[in-house]
Amino acid sequence: GEDVEQSLFLSVREGDSSVINCTYTDSSSTYLYWYKQEPGAGLQLLTYIFSNMDMKQDQRLTVLLNKKDKHLSLRIADTQTGDSAIYFCAETDTGRRALTFGSGTRLQVQP
Amino acid sequence: GAGVSQSPSNKVTEKGKDVELRCDPISGHTALYWYRQSLGQGLEFLIYFQGNSAPDKSGLPSDRFSAERTGGSVSTLTIQRTQQEDSAVYLCASSYSQETQYFGPGTRLLVL
């Protein structure tokens with residue numbers, strides 16, 4: 001079945017860039033997503049990328065997709081303490097509407 | 001506009017009791033999803049409704065779990081004879097198109 005993997009933890013200093021990585025196994029993935037979850041809250045959709053794109057930029061967020069290696073990354077520029085949260089990578093394809101999530105990466109931003 | 005809402009926000013129940021969790025999707029969204037988030041299993045898909053089509057129940061973990069969606073809007077997830085391993089956060093999401101699913105705040109269920 002589909003599998004999505006992420007590293008569990010990332011610590012950065014305020015003002016630095018953060019890069020969160022994700023790998024997936026489903027070669028028919030159509031959409032790939034990044035969600036943010038703050039403590040006690042639901043999932044906030046940050047951004048998504050269609051599989052025929054290799055980059056998408058939205059303000060401080062840059063998503064890079066390497067479809068050959070099945071690797072997705074999220075770069076957060078000028079990371080702030082408010083960016084501290086768990087970030088989930090997710091994917092789906094045209095035949096399967098449900099999202100398959102990674103285990104989440106906890107981002108800790110140190111002042 | 002209003003986002004996805006879920007109720008209750010927290011539910012504590014005794015093992016063996018039935019519980020009902022409610023989801024109000026974003027108005028106009030035709031698709032509705034239930035997911036479960038637990039420490040041991042991460043985020044798992046449970047069930048998906050799209051318009052008047054038969055739901056995709058492939059993620060339901062046992063026949064104690066069921067869900068319905070009335071009038072193409074509000075959905076209720078029912079867990080019968082709850083077990084301690086059912087303790088988790090139950091998340092509902094809705095979407096208008098395949099690209100984007102918007103999540104509610106979740107219902108935190110604790111089975112004692």
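Quote the convex hull volume per residue of the protein assembly as shown, based on C-alpha atoms, as a whole number of Å³.
On the way: hull volume 28.1 nm³, N = 223.
That works out to 126 Å³ per residue.
For segment A:24-111, run through the trypsin sites (Lys or Arg not before Pro) and keep only the ones in DSSP coil with at most 16 other Cβ atoms within 10 Å of their Cβ.
Working: sites: A:Lys36, A:Lys56, A:Arg60, A:Lys67, A:Lys68, A:Lys70, A:Arg75, A:Arg96, A:Arg97, A:Arg106; in loops: A:Arg60, A:Lys67, A:Lys68, A:Lys70.
Counting only loop positions with at most 16 other Cβ atoms within 10 Å, the trypsin sites (Lys or Arg not before Pro) in segment A:24-111 are A:Arg60, A:Lys67, A:Lys68.
Under the definition of Cα pairs under 8 Å and six or more residues apart, what whole-number percent is the relative contact order of segment A:10-92? It would help to have the intermediate numbers written out before the result.
Working: 157 pairs, mean separation 34.4, N = 83.
For segment A:10-92, the relative contact order is 41 percent.
Would you work out what percent of the accessible area of chain B, with all protein chains in place, is carbon or sulfur (probe 1.4 Å)? Intermediate values should be presented prior to the final figure.
Details: 2540 of 5530 Å².
Whole-percent figure for carbon plus sulfur exposure: 46.
Anything losing 40 Å² or more of accessible area from the isolated chain to the full protein assembly: pick those residues out of segment A:91-111, probe 1.4 Å, ligands and DNA/RNA ignored.
Listed in order, they are A:Arg97, A:Ala98, A:Leu99, A:Phe101.
What is chain B's relative contact order, in percent, from Cα pairs under 8 angstrom and six or more apart in sequence? Please report the intermediate quantities before stating the final value.
On the way: 268 pairs, mean separation 42.4, N = 112.
Once normalised by length, the contact order is 38 percent.
Would you compute, for the Cα atoms of segment A:66-111, the largest minus smallest coordinate along each principal axis and list the three values in descending order, in whole Å?
Result, largest extent first: 44, 22, 14 Å.
What Kirkwood Rh does segment A:30-111 have if only Cα atoms enter the pairwise 1/r average? Answer in Å.
Numbers: mean 1/r = 0.0747 Å⁻¹.
Result for segment A:30-111 stands at 13.4 Å.
Convex hull volume of the Cα atoms in chain B, per residue, in Å³?
Hull volume over Cα atoms, normalised by residue count, gives 95 Å³.
Please report the carbon-and-sulfur percent of the accessible area for segment A:1-55; probe 1.4 Å, protein heavy atoms only, DNA, RNA and ligands left out. Provide the component values of the computation, followed by the final result.
Numbers: 1320 of 2830 Å².
Percent of accessible area from carbon and sulfur atoms in segment A:1-55: 47.
Chains B and A: how much accessible area gets covered up at their contact, both sides added, probe 1.4 Å, in Å² to the nearest hundred? Mind dumping the intermediate values first?
Numbers: alone 6340 and 6170 Å², together 10930 Å².
Buried area (both sides, nearest 100 Å²): 1600 Å².
Per residue, how much accessible area does the protein assembly as shown have with a 1.4 Å probe, in Å²?
49
Just to confirm my numbers, what's the Cα centroid distance between segment A:23-89 and segment B:22-46 in Å?
Taking the Cα centre of each part, segment A:23-89 and segment B:22-46 sit 19 Å apart.
Between A:Gln80 and B:Ser27, what is the FRET efficiency for a Förster distance of 35 Å, r being their Cβ-Cβ separation, to the nearest 0.05?
Taking R0 as 35 Å, the efficiency between A:Gln80 and B:Ser27 is 0.60.
At B:Glu20 and A:Ser103, where each label point lies 7 Å from the Cα along Cα→Cβ, what is the point-to-point distance in nanometres?
Each label point lies 7 Å from its Cα, and together they span 3.8 nm.
With Cβ to Cβ distances under 14 Å as the rule, what net charge do the other residues near A:Met55 carry (K, R +1; D, E -1)?
Working: positive: A:Lys56, A:Lys67, A:Arg75; negative: A:Asp54, A:Asp58.
So the environment of A:Met55 carries a net charge of +1.
Determine the sum of side-chain charges near B:Asn52: Lys and Arg each +1, Asp and Glu each -1, restricted to other residues whose C-beta is under 15 angstrom from that of B:Asn52. Before the final figure, lay out each step's value.
Working: positive: B:Arg69; negative: B:Asp56, B:Glu68.
In short, -1.
The values are calculated or read from the model by the stated rules, or taken from the named source; none is laboratory data. Just so it is clear, the model here is predicted, and its values are computed rather than measured. Positions of Cβ are backbone-derived with ideal geometry, glycine not excepted, and every protein chain shown enters the neighbour counts. Note: accessible area is taken over every heavy atom of the protein model, side chains too, but ligands, DNA and RNA are not part of it. Shrake-Rupley method; radii C 1.70, N 1.55, O 1.52, S 1.80 Å.
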